[in-house]
Amino acid sequence: MYNREKKKPLAVDGREQAMIKPGATIGILGGGQLGRMIALAGREMGYRFVVQDPTPDSPCGQVCDEQLVASYDDRDAARMLAAKSDVITYEFENVDAQVAEILESEASVPQGSRLLTITQNRIREKNAIQASGLPIAAFQVVASAEEARNAVGELGTPAIMKTATGGYDGKGQRVIQSIEEAEEAFNQLAQSGAELIIEEFVPFMMELSAVVARNAAGETAVFPIAENVHQQNILHLSMAPARVSSDILQRAEKIAVELAEKLNMVGLLAVEMFLTKDGKLYINELAPRPHNSGHYTMDACVTSQFEQHVRAICNLPLGSTRLLTPVVMINILGEHVAPILDKIGTLPTTVKLHLYGKQEAKEKRKMGHLNIIADSVEEALQIVDELKIWS
Ligand code: AMP
């Protein structure tokens, strides 16, 4: 689905945005792999980059014109970033509120801070999705062990308890099998100090995701829906095209575009969804940035999600999201780096290697990914099997 219909320029957080053309400098808060891939794509288009990150020689800093070595909540560094940049973006959602305020008042942040505020907290995120009239699993906020028991009583078992803030890759959540377990789970997760929710367990048969882009002119473009497989709560594989009916693909795309419009967002929005056996879709989580499940676009679509992000924040027309070939993206974690490098001389020529320039290959740390191009998703999966690196 691709909407090229131009609407009237929107006032993003009270400002109308002109196009920011190549030659301008883009500032990135956060120097990890997402920042790196944004900078690599933007440099190809002729933009300059400056990044703020505490780790010297960060994955993003390695490919930028300049890195400000400073923590993410360093206000002086944020002022310097603002002074050096024509436009600013971020590569993670937990941006310090005061830094966001400085950047917004002293520089142009087309994405604004509203979406950040929403996606920093599961409760706000779920309320925003509900207010948009889009489907999510039933949930309740629980503030005591008793409320947790009552919630599990109403929602049924299994249920899932999650922290509202600070959780990622499955951290800060627990499956609850009985009302009795609710109390113990509450006491355990409440130690984090975060607010807690309990949500209905969705017996999904597949996890899907959509990455949708929107620029300040109100143009939207959604990438082909990815089919995702997680291992130990970390994304393992993303495949496109997803192996579901065209009706489901269209509904999933529509959900993502509708959400982007209702949230009046600018930039990229990743929408993770569950698909049940009876064809129902539920939104699980949002991310206001490029997403791991969109990495396949780098080698399989006319425009990558990273180029699209640059286009969206610079208010350029969005690029075509057309899928050029079936593809499987597989993550390279710390433990996979050595085996991949051992096989680098014999990798099939349709396997595209992306490494993020991280110094230390710690177990479970995302170090890179492969995009495997083939005539079908099944054939690409066969190549994964033959590599014998992922068990
Ligand atoms: P999250 O941190 O919300 O993305 O959840 C991590 C993983 O836990 C998801 O990718 C699912 O595999 C699983 N999960 C989360 N919420 C639910 C749910 N309501 N029902 C079933 N599985 C879930």
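The values are calculated or read from the model by the stated rules, or taken from the named source; none is laboratory data. Model, not experiment: these values are computed from the prediction. Cβ atoms come from the backbone with ideal geometry, glycine included; neighbour counts cover every protein chain shown.
Scanning segment 94-125 for residues that are of a type in the set (S, T, N, Q), in a loop (DSSP other than H, G, I, E, B) and either under 18 Å from residue 271 (Cβ atoms) or under 15 Å from the mean Cα position of the chain (by Cα) (or both) yields 94, 111, 120, 121.
Of all residues assigned to segment 259-277, none qualifies as being away from the ligand (no atom under 16 Å from the Cβ), within 21 Å of residue 365 (Cβ to Cβ), modelled with pLDDT of 95 or more and under 19 Å from the mean Cα position of the chain (by Cα).
A single member of 162, 171, 126 is within 28 Å of residue 241 (Cα to Cα), within 12 Å of the ligand (Cβ to nearest atom) and basic (Lys, Arg), and it is 126. Quick check: anything in segment 235-250 among the hydroxyl-bearing types (Ser, Thr, Tyr) and within 16 Å of the ligand (Cβ to nearest atom)? Yes: one or more hits. Would you be able to say whether some residue in segment 133-151 is at pLDDT 95 or above, surrounded by fewer than 18 Cβ atoms within 10 Å (Cβ to Cβ) and within 16 Å of residue 263 (Cβ to Cβ)? Yes, segment 133-151 contains a residue that is at pLDDT 95 or above, surrounded by fewer than 18 Cβ atoms within 10 Å (Cβ to Cβ) and within 16 Å of residue 263 (Cβ to Cβ). Among residues of segment 85-122 being acidic (Asp, Glu) and within 25 Å of residue 196 (Cβ to Cβ), the one that is surrounded by the most Cβ atoms within 10 Å (Cβ to Cβ) is 93. For residue 369, are the conditions met, namely being out of contact with any helix residue (DSSP H, G or I) (no Cβ under 7 Å at 6 or more places or on another chain), surrounded by 15 or more Cβ atoms within 10 Å (Cβ to Cβ) and part of a strand (DSSP E or B)? Yes.
Residue count for segment 47-74 under the criterion of being surrounded by 22 or more Cβ atoms within 10 Å (Cβ to Cβ), assigned to a loop (DSSP other than H, G, I, E, B), of a type outside the set (Gly, Ala, Ser) and free of Cβ contacts under 8 Å to residues at least 60 places away in the same chain: the result is 2. Out of all the residues in segment 212-239, which are outside any loop (DSSP other than H, G, I, E, B), buried (at least 20 other Cβ atoms within 10 Å of the Cβ) and of a type outside the set (Gly, Ala, Ser)? Answer for segment 212-239, where residues must be outside any loop (DSSP other than H, G, I, E, B), buried (at least 20 other Cβ atoms within 10 Å of the Cβ) and of a type outside the set (Gly, Ala, Ser): 212, 214, 220, 222, 227, 228, 235, 237, 239.
Scan segment 261-318 for residues that are among the β-branched types (Val, Ile, Thr) and closer than 20 Å to residue 230 by Cβ and report the count.
Within segment 261-318, residues that are among the β-branched types (Val, Ile, Thr) and closer than 20 Å to residue 230 by Cβ number 4.
The residues in segment 126-149 that are in a helix (DSSP H, G or I) and touching a strand residue (DSSP E or B) at 6+ places or on another chain (Cβ under 8 Å) can be counted, and the count is 5. Selection of helices (runs of 4 or more DSSP H) fully inside segment 246-334 by the criterion of at least 3 residues being among the hydrophobic types (A, V, I, L, M, F, W, C) and crowded, with 20+ Cβ neighbours inside 10 Å returns 246-262, 305-313. Residues that are touching a residue at least 12 places away in the same chain (Cβ under 8 Å) and among the polar types (S, T, N, Q) within segment 360-389 comprise 371, 376, listed in sequence order. For segment 185-207, residues that are within 11 Å of the ligand (Cβ to nearest atom), aliphatic (A, V, I, L, M) and under 24 Å from residue 121 (Cβ atoms) total 3. Among the conditions (1) surrounded by 20 or more Cβ atoms within 10 Å (Cβ to Cβ); (2) within 13 Å of the ligand (Cβ to nearest atom), the only one that residue 182 does not satisfy is (2). Does residue 284 qualify as being polar (S, T, N, Q) and in contact with an Asp or Glu (Cβ under 7 Å, 6 or more places away or on another chain)? Considered against the rule, which asks whether it is polar (S, T, N, Q) and in contact with an Asp or Glu (Cβ under 7 Å, 6 or more places away or on another chain), residue 284 comes out as yes.
In this structure, residue 243 does satisfy being part of a loop (DSSP other than H, G, I, E, B) and either at pLDDT below 95 or charged (D, E, K, R) (or both).
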